[in-house]
Structures are given as C-alpha cells and as structure tokens.
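**Student:** I'd like to ask some things about the structure below.
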C-alpha cells in the first residue's frame, strides 16, 4: 500500500544533470527527470503517449525531452510541442507531469493530486545544506517492500544484534525502552543508554578512553523519513561539552519503487569541526557497512515471509513505535481514500 | 495472437546440418529439425510421446531421431519405429510432424492444418539465391511479442530517430509520408526522400560527393515478412544509372517463438558488382548495428507497456500502415477461426 | 504432492556442525538445524515467531539459537527462552520443531505428526556405517519435482541411452525386463543382463578380459529411497566368487525441497578389500558424471512438460515399476488424508 499525498525523494540533486535525462520509478510509476534551462527540475511520466516508448531513451533538448522512437517532443509541462511530419500538434497530446521541489540537496516529487501539494510537509534535512555540517550522500536499492524497512528504522533494539560489530556494540540498546511521542505526521522517538562501549563506527571520529553514554533522538515522518540527532559522550561527562562529544545528524528516506522494491536515500552528517574528509569517509564507510547488514537481514526476512505463507507476526513491547506508525499510515490512507 | 495458416521461417538452411538435430520453438511449440538421407528437412514435435523428454536431446540416426532417454526411435513422418525391449511397436505411437519447405536458403514450417499448406504463399526472397546478388545471413532473438516488431517495420519514420547514426541520418525520412497500397496478403509501402545526406551505413558501399535521393519500397506480407528494394543516387541523377547508385535488396522475417519472444531472421543483399566480401561485411555491420538499435528501443517499449498497465497507444498519421496491417491480421485470424 | 508421514534425509551428518547453523528447506518448509551440547541434532522452523526473520541468520549459543534481528533465543524444543528487555518470556512464544534421527551418517526429519514418527521406517543404508565398506557422500540439487527423478530411478532401461558412456554401455539393459516384487512400503526390483561389456565406470575397480554378467537388485521405498546391490562378474563365472567380482552397494534418497525442486542425496560404496582411496574416488567420479547425465535429461524433460501443456505421458511395459510406485504413493497420500 502506498500513500500518495506525500513528497517522495526521487533523487539526489546531483543525479539530475543540466544536460541529460534520469529515469526512476516511484510507487510503480516510471518517471523521467530533467532540468529546464533555468535549472529547475521537471518530472514527466516516462512513457510517450504515442506508442508508449520510454522517453528516458530519448534526448534532452533545451526545455524539452524528445522521444527517441518517433521524435515527438514534450515540454516540462508534459505538453507535446512537436510531431515530426505534422504542421500542428493534435490537441490533447500530452504526458502526465508531477510537482517537483528541490530542497536540501534532494529532489522530491509529489505523487498525489497536484493541487494538494503542500511544501510545509518537506522534511528538514538541514545538515545537507548547512555550512557547519559535512555529509556524504548515500543510496541503496532494496528488493523489499518499504514497510519492512520502516519497521526496522522504528525499532533500534536491532542495533544490538544486526549491528553488533558496527553501530551497536552492546545489548544495552536492546534492553533500553524508548520514549515515543506523537508529533505532526509522525513520531518522535528517544533512546538513551548509559555506560556502554563506544560503537565500532565511532572510531573514525574520536577515541574514548572509557565507557560512554549514547543517545538517539529521531523524528519518523510520513511517508517514511527519519531525521536523527545522535551521539555519545564519556560516561558522566556534562551535557553539551562538544570537546568530548560525538554529535551526528542523519536523514534516511524510503521511497517505494514498486510494491516489492524500495529506494533508500540516506546521509550521515557530522559537524565540520569534528574532522576532515578522512573522517567523513570513515563515518560513511561505517554507516554503509551497517546499512548493508540491515539490507541482508531485511531481505532474508522478506524472503521468509514470501515463502512461508500466512504466519502472522507477533508483537512484543519493542514493537510499540512501529505499530503506532503502521496505524498512522493506515489512518492517512483512509483519509486519502475519503473514508474519514 | 498467432496466425497458424502461414509459412514461418524456422531456420536458415545451413542451421539444419546433414548430421545432427536442431531444436527451435515456433508459436510456443517446441520442434526438432533434422535432414533425412535424401537431404530433405523433417520437423517433429520436440517431445517424445512416451515420457515427454525432448527428442532434440537424443540422436540423429539415418532417417530417424532416437530419444536419448529410453531409446524410442521416430521416422521423418513422426511414426515410432522402435521401442527397445518390444518386438513390435504399439499402434498409434507417434509424434506430430509439420510440413516443411526449403526455399531461398530458408527453412519454412507450416503451422496450420497440413492440408491447407499453400506453397504460393512463400515469400520471394530471391536475393539469397541469385548469382547476381550477394547476401549475409542474420538472426536476432527478441524478448518481445512479434507485433511490436512488425509495428516498427511498418513505420520507417523511426529511421530519423532510432537510426540517426546508422540507417537514417536525416529527419526528412520522418517528415515524408509513404504511399500505402494493399496487395495480396499484405501491403506495399513506398517512401522517397530527396536531397538528404547519404546515411552512415552507405559508407561501406560508395562515397557520394553531395546529397542524395533515397527510396524504400517494400512489401510487408503475412505473417510478418518484409521484402524490400531500397537505394540512393546523387540528388537529381537520372533513375537507373547503376554506376552512380546504391541499390539493395533485403528480407526480414518475424517468427513468434512464444507470446512474448520472437525470432528475427534477416538478410541484406547487394548486387555482386557493387563490391567484394569487404563490402558485404561492411554492409552487414551497418545493418546489424541498426537492428540492435531497434531491439533496444522495442525492448524498452515492451518493458514500459508491461509495467505500465492499461494505457492505450495513440494513433498518429505516421501509424497508417501499421494500423492497416493489424486489421489485416485480425481479419485473417477471424477467417482461421471460422468466423468469416 | 508430498507425503508427510515419512523420514526425509535433510542432511549428511557432517553438514550439521557442532558449532553453527544449517538452513535447509524440506517440503516447502524452511528448517534450521543445529547440534545441542550433547551432540544431538535439533530441527526448528527457520522463522522467528516475532517478525519472521530466518533464525539461520542468527547465532548458535549452547543449546539454543538466537535470532540475529532482535535477539530472541529459542531452545531445541522451539521454546523461546529469552526476549531482550523483558524480565519474563510471554507464554506461547515458540517455533515449530521436527523430530530428528541420525542414522547411518544421515540426518532424517519427520515431516508428519510427531506422534506418528516410526523409527522402523528408517532405511538401512548400512554401507555408510560399516567397517567393511567404503563410501563417499554425494549431493545434487535438482530444479525438478521429485516424482520425475523417482520415475528415472524406477526404470533402469534408461541406462542404455542416458548412460551409454558411463553406467550403461549396452542396449541389453534396456531390452531386459526386471522382476518387480511388492515389499513393505515399496518395491523390490531385480534386473540381470548376461554377456555384456563391462561398463566404463567399472574401469576404476577392475579390468575384465571379456564380457560380463551384471545384476542390479534394489529396494525402492517410501518416500523415495533407493537401496541397491549391484555388480558384475566374468560371463559364466560362478556366483559369489568375490575374487573376480565387482560388488557395490549404494543408496539414493530424494527429499522434495519445494513442489518443483529436490535434494538428491546419494552414496556409492564398495567393499574395503576392493581398493584404496583412488578406487573410491574413481568410482565416485564415474557415478557423479552419470548422475549429471540424469539431471540434464530430467531437467530437459521437466522443461518440455512445463512448456508443453497438457499432453499425457504414454505408458509402455518398461514403466511397470514406476506406475506401481506412483500408485503406492497415491494410496499412502489417501491414507494420510484420512480417505482410507
């Protein structure tokens, strides 16, 4: 099931070049993206209305895309502006377009009715666009429905097991119970653990000479975006002592490609003062390794679900946040369907 | 949808050896081909009637094929002539056979009722079998239904876009409108363009020191065979001046393998006087490169159709021939079904 | 169709290590196997009851397996014994277990109701567990339903054709008619051929300086286990003259993985006095080569059946044993279903 009245990350800004076309599928719909001459991004259905060839196999020409099969040209509004061999273009020749916003280095498309598009609902992924922060862009492709990945992000108890050798490092994370608070279009989730070893991926950032206290505070917003402050400081050190802290900001955004595959856009940012390019790279390597651990586990889980028939999942206290978020999605879907 | 009362190219003659078996699927039916001792080709269903093993995994023995699983032997008429361990063969032990004709270096099978097989309907692919012409045989496999490839061959406006760098070279081809005339079991299509650059693939044949006039005149016949005269001469030169012309003959035949895959047999011939083996090879390389361009585009189109649900194609003037041919196929299918 | 009230070989004993987990699918059900500290093998459903992740991606800890996603631990009886972050385990948290027996180097699971598990039905694969015999374990994976492989094993006439260059060597095997006798839960099948060339794979064992007499005597038991004595001696030599004989024992066991794939466990044993490791290896190489011949043919047969629609197989006298065994399976299935 997909929500439609949402901004979905469709690409990193740098993926849409000033010359050329980008094909990407969102909610099962094939899109072609390109920049007009003023630099703004257009998103069109990636099927020529003539014989249904993908426009992304054609050519970017100024403010238009030209189909590579029979040469029809379409502008950024999806209107056909040329049919080779015809003096005038027949009325109604057009392909669908999607509202697009570029924000914090991400290109978002609105998949619902265009008139309902609401810019207030764009996530605040500030650390990709702030002079005091440094990030590296990331992307993974999942052959898994988006919900299972959202489940994963909504319950960090898995850090103790899936990420024992990377992000985790202690079973204390699984034993801790998070605070869960409703916020607009989402949940705020906070988890703290005291006096645990520094996790392996902190090694790129700072050496601690003793156990640390760690915190994870994140908003998880519709459709499926995680915005997180996290960090650690020497056990017992006073809050806010940036000289002895690790302090990170990250964003992870799930965009369903199809019912059973998902785009996973992510970035992990650190304050600029915390280190140079080597630190950025070390942090990225730690994160990508961990996200591959997730992908392996969630893909295996999805495989077991597909093969295994109708067995229901069993809910435990650790599932509180993911159950609340699943209900939020269902309410929103009912609202979109006009049922509420 | 398949027409059955047709000759379909199943193989180039040289693909059926004097010793050995050839397996090929036509209209979803697996066939095994072999030559009897008099050199004629037999086509049998490629499934032993005993336990359904493919006969093509067995052995060619004289005028028979022997199943490689339990040793049953079948003659060119499909009759079982030996069951190991039995003195006499039980009556009725047989596999289906198909009428076969070898003509102009191609092996054709008749997929309808054998008594309706009509040799008059064999296409005249003369340039594969004529001392004044030189050809090179070609084959491509498509993971695409045959109709989309027929559509492509029935509208040459795509030459300007798909084949810009190979067979085309000018948007004049897309702007020109062809003559379309009904003929027996097909259409005759003629397109001329005046004063255009010589297309890149002509370079193997002749250098022109100015723009040329080009022509494409082809019959497109049931089930899906293109027989074409094409060529070019210096713009304004008189017709028939063979010293200054490029004049080609080609044949392209589509044979459905399954509902969603197609055998594409083709040849491009030139008059012997136009050049030696190097010319033949250069011409073939130009053509195969172009046909790969078609395959990439049509495969992408088919992908978009499969993924994209029920969107209808939109017909434009350039689609006149393909729409007429689709109607011809439908009429013929209705006739086969006894509806007319 | 699967029988459930059977012991199925799930692994060679050496495949289940003292530390670690083995994942294997039987009758479409994913299992995880491990050894408890006393060395016995436990078989659990390979899906955590919490969020359905495969337990085989977790960790073996003493007598338990711990899920690698959120850390639940299960003992050899499938009971959940720990949920991270909970003081007590909620009642009823468990995964399914399967009865297991280790016998003659093979690990068997019982796929029916546990209380019906009957150790008397374990096959007597003695030559894997006897000081006078030497064997080498083998395994092949088939993308084919188990019934087609059972058919193959129940009609050795295919040795003359499929195994002409390995196990066969003479059409006399196909011409011979076997004795077929019903036994408890199966059939006993005997076939003898006189004065034939020694088959190529005997070369590893003994050189014969003339034609030999060969015998194949095997029990084929539910669910699909072949236990065979086979051998050959110089034509006309007296029975039991071990100095001039080749005498072999083998076992082949089919375990359905899914409706369309099969585990094929096998071993070919020879008397210890017949040769050293080189002989064992040579014999194994002869057998594996032949079993690959079977797999190629049966896979091709299955391909032809899948693609070819509803054509029925035609029964010949050589099919007597396989038809009897298919009826036995149907009777047993009806009994399991409570229909008889």
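Laboratory data are not the source of any read-out in this text; all were calculated from the coordinates shown. Everything numeric in this text was worked out from a predicted model, so none of it was measured. Positions of Cβ are backbone-derived with ideal geometry, glycine not excepted, and every protein chain shown enters the neighbour counts.
**Student:** Placing the label point 7 Å from Cα along the Cα-to-Cβ direction, what are the distances from residue C:259 to the equivalent spots in the other copies, shortest first, in nm to one decimal?
**Tutor:** 1.8, 1.8
**Student:** Please provide three numbers in whole Å: the alpha-carbon extents of the stretch A:220-323 along the principal axes, with the largest listed first.
**Tutor:** Largest first, the stretch A:220-323 extends 53, 31, 24 Å along its Cα principal axes.
**Student:** Any idea how far apart residue B:273 and residue A:340 come out in nm if each label point goes 7 Å out from Cα toward Cβ?
**Tutor:** Once both label points are built, they end up 8.4 nm from each other.
**Student:** Average the reciprocal distances over every distinct pair of alpha-carbons in the stretch A:70-124, invert the result, and give the Kirkwood radius in Å.
**Tutor:** Taking every pair of different Cα atoms in the stretch A:70-124, averaging 1/r and inverting gives 13.5 Å.
**Student:** At a threshold of 8 angstrom on Cα-Cα distance, excluding pairs fewer than six apart, so keeping six or more, what relative contact order does chain A reach in percent? Could you put the intermediate results ahead of the total?
**Tutor:** On the way: 676 pairs, mean separation 59.3, N = 340.
Relative contact order of chain A: 17 percent.
**Student:** Rounded to the nearest angstrom and ordered from largest down, what semi-axes does the equivalent ellipsoid of chain A get from its C-alpha gyration tensor (root of 5λ)?
**Tutor:** For chain A, the ellipsoid semi-axes come out as 41, 23, 17 Å.
**Student:** Further, regarding this structure: Over the alpha carbons of the stretch B:193-272, what is the largest minus smallest coordinate on each principal axis, giving the biggest first in Å?
**Tutor:** Sorted largest first, the three principal extents are 47, 25, 21 Å.
**Student:** Summarise the partner chain shielding of A:166-176 as one whole number: the mean count of Cβ atoms from other chains within 10 Å of each residue's Cβ.
**Tutor:** If you average over the peptide's residues, the count of other-chain Cβ atoms is 2.
**Student:** For residue B:299 and residue B:237, compute 0.36 nm times the residue count separating them, minus their Cα-Cα distance, and round to one decimal in nm.
**Tutor:** 18.4 nm is the gain from fully extending residue B:299 to residue B:237.
**Student:** Connecting C-alpha atoms closer than 10 Å in a GNM of chain A, tell me which of A:312, A:203, A:42 has the biggest fluctuation.
**Tutor:** Answer for the Gaussian network model of chain A: A:312.
**Student:** Can you give the mean number of other chain Cβ atoms that lie within 10 Å of the Cβ atoms in peptide C:155-164?
**Tutor:** Rounded to a whole number, the mean comes out at 4.
**Student:** Ok, one more. To check my understanding: the extent here is largest minus smallest coordinate of the Cα atoms along each principal axis. What are those three numbers for the stretch A:51-151, in Å, largest first?
**Tutor:** 55, 33, 28
**Student:** Within the stretch B:245-260, which residues have the backbone N less than 19 Å from the label spot 7 Å out from residue B:229 along Cα→beta-carbon, could you tell me?
**Tutor:** Counting only backbone N, you get B:245-252.
**Student:** I need the per residue convex hull volume for the stretch A:1-83, using only the alpha carbons, in cubic angstrom as a whole number. It would help to have the intermediate numbers written out before the result.
**Tutor:** Values: hull volume 7.9 nm³, N = 83.
Convex hull of Cα atoms, per residue: 96 Å³.
**Student:** Could you let me know the centre-to-centre spacing of the stretch C:186-203 and the stretch C:288-327, using Cα atoms, in angstrom?
**Tutor:** 21 Å
**Student:** Take the alpha carbon atoms of the stretch C:209-274, find their center, do the same for the stretch C:29-58, and report the distance between the two centers in whole angstrom.
**Tutor:** Result: 35 Å between the Cα centres.
**Student:** In a GNM of chain A with a 10 Å cut-off on Cα contacts, which of A:184, A:143, A:29 has the highest mean-square fluctuation?
**Tutor:** Greatest mean-square fluctuation among the candidates belongs to A:184.
**Student:** Of the residues A:232, A:39, A:85, which exhibits the maximal mean-square fluctuation in a Gaussian network model of chain A defined by a 10 Å Cα contact cut-off?
**Tutor:** Top of the fluctuation ranking is A:85.
**Student:** Also: Explain nothing, just the number: relative contact order of the stretch C:142-188, from Cα pairs under 8 Å at least 6 residues apart, as a whole percent.
**Tutor:** 24 percent
**Student:** Right, another one. I need to check one value: relative contact order of the stretch A:181-340, counting alpha carbon pairs closer than 8 Å and at least 6 residues apart, in percent.
**Tutor:** Rounded, it is 17 percent for the stretch A:181-340.
**Student:** Sort shortest first the distances from residue C:194 to its counterpart in every other copy, using label points 7 Å along the Cα-to-beta-carbon line, and give them in nm.
**Tutor:** Computed spacing set for this position: 9.4, 9.4 nm.
**Student:** How tilted is helix B:277-307 with respect to the longest principal axis of chain B? Cα atoms for both, answer in degrees (0 to 90, nearest 10).
**Tutor:** The angle comes out at about 80 degrees.
**Student:** Taking the simple approach of a point 7 Å from Cα along Cα-to-Cβ for both residue A:285 and residue A:258, what is their distance in nm?
**Tutor:** Taking the two extended label points, one gets 3.5 nm.
**Student:** With the cut-off at 59 Å, report for the protein assembly as shown the share of all Cα pairs above it, as a whole percent. Show your work: numbers first, answer last.
**Tutor:** Working: 153685 of 519690 pairs.
Result for the distance tail: 30 percent.
**Student:** Quick one: Cα centre-to-centre distance for the stretch A:71-109 and the stretch B:105-175, in angstrom?
**Tutor:** Taking the Cα centre of each part, the stretch A:71-109 and the stretch B:105-175 sit 34 Å apart.
**Student:** While we're looking at this one, here's another question. So the label point sits 7 Å from Cα along the Cα-to-Cβ vector; using that for residue C:239, what distances do you get to the other copies, in nanometres, sorted shortest first?
**Tutor:** Once sorted, the set of distances for residue C:239 reads 9.3, 9.3 nm.
**Student:** Would you calculate, for chain C, the mean residue ellipticity at 222 nm contributed by helices, counting each DSSP H stretch of 4 or more residues as -39,500 (n - 2.57) and dividing by all residues, to the nearest 500? Before the final figure, lay out the partial values.
**Tutor:** Details: 4 runs with 60 residues, N = 340.
Calculated mean residue ellipticity at 222 nm is -6000 deg cm²/dmol.
**Student:** Now, a different point. Could you work out the mean count of beta carbons from other protein chains within 10 Å of each residue's beta carbon in B:87-95? Present the calculation step by step, with values, prior to reporting the outcome.
**Tutor:** Details: counts 0, 0, 1, 4, 0, 1, 2, 0, 1.
Across B:87-95, the average partner-chain Cβ count within 10 Å equals 1.
**Student:** What is the calculated FRET efficiency for residue A:36 to residue B:331, with r their C-beta to C-beta distance and R₀ = 51 Å, to the nearest 0.05?
**Tutor:** My answer for the efficiency is 0.60.
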